[in-house]
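For reference, the structure discussed in these notes is given below.
The values are calculated or read from the model by the stated rules, or taken from the named source; none is laboratory data. Since we're looking at a predicted model, the values are computed, not measured. Reconstructed Cβ throughout: ideal geometry from the backbone, glycine too, with neighbour counts over all protein chains shown.
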Amino acid sequence: MANISIKLKTPKQVIDASMLYGARKIRERILVLFDYAGTEGVNAARLNGSYIDDTGNLRSSVGYAIVEDGKLIKTGEFTQVKDGAEGVEQGQKLAEQIAAEFPKGITVVLLAGMPYASALSKRGYDVIDSGILKTRRLLPELMKPFKN
């Protein structure tokens, strides 16, 4: 058996920089996919919401948050419906508060920021349930390229 000696000619700094660049590109791609999944989930929740929203506050409070290592990276889809300015504000506020609940990794969270949203959901109304289901079905498909 012959001894083979391999000498690394590429400087370690170049290899490290290349790996860091690759990791950043993967992170950016994941954030884009989570943004898409969040938007699709919110669209489904708003479309299928089975409650009467007289003021627009509840639908305006439906949105998503992308959280990375406990920090809010992005919020989306808190769009005012009817006179629902308060809903937009409550949704954004809840998104900021919820970030600390996800201290590790990257997460997308669908939420409804009005305080009475969970009470309606418990009474059988679809507030964000259909949006959560849509996002849960969509994310595994979107993440397939990262499994190997």
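A few comments on the model shown:
- Residues in region 137-148 include at least one that is outside any loop (DSSP other than H, G, I, E, B), of a type in the set (Phe, Trp, Tyr) and either out of contact with any Asp or Glu (no Cβ under 9 Å at 6 or more places or on another chain) or touching a residue at least 60 places away in the same chain (Cβ under 8 Å) (or both).
- In region 1-21, the residues that are of a type outside the set (D, E, K, R) reach residues that are surrounded by 10 or more Cβ atoms within 10 Å (Cβ to Cβ) with C-beta atoms within less than 9 angstrom, at least six apart or across chains, in these pairs: LEU8/ILE15; THR10/SER18.
- Residue satisfying condition, being more than 16 Å from the chain's Cα centre (by Cα), closer than 20 Å to THR107 by Cα and surrounded by 10 or more Cβ atoms within 10 Å (Cβ to Cβ), within set ARG59, ARG24: ARG24
- Any hit, region 65-84, residues being in a loop (DSSP other than H, G, I, E, B), surrounded by 12 or more Cβ atoms within 10 Å (Cβ to Cβ), modelled with pLDDT of 95 or more and among the aromatic types (Phe, Trp, Tyr): yes
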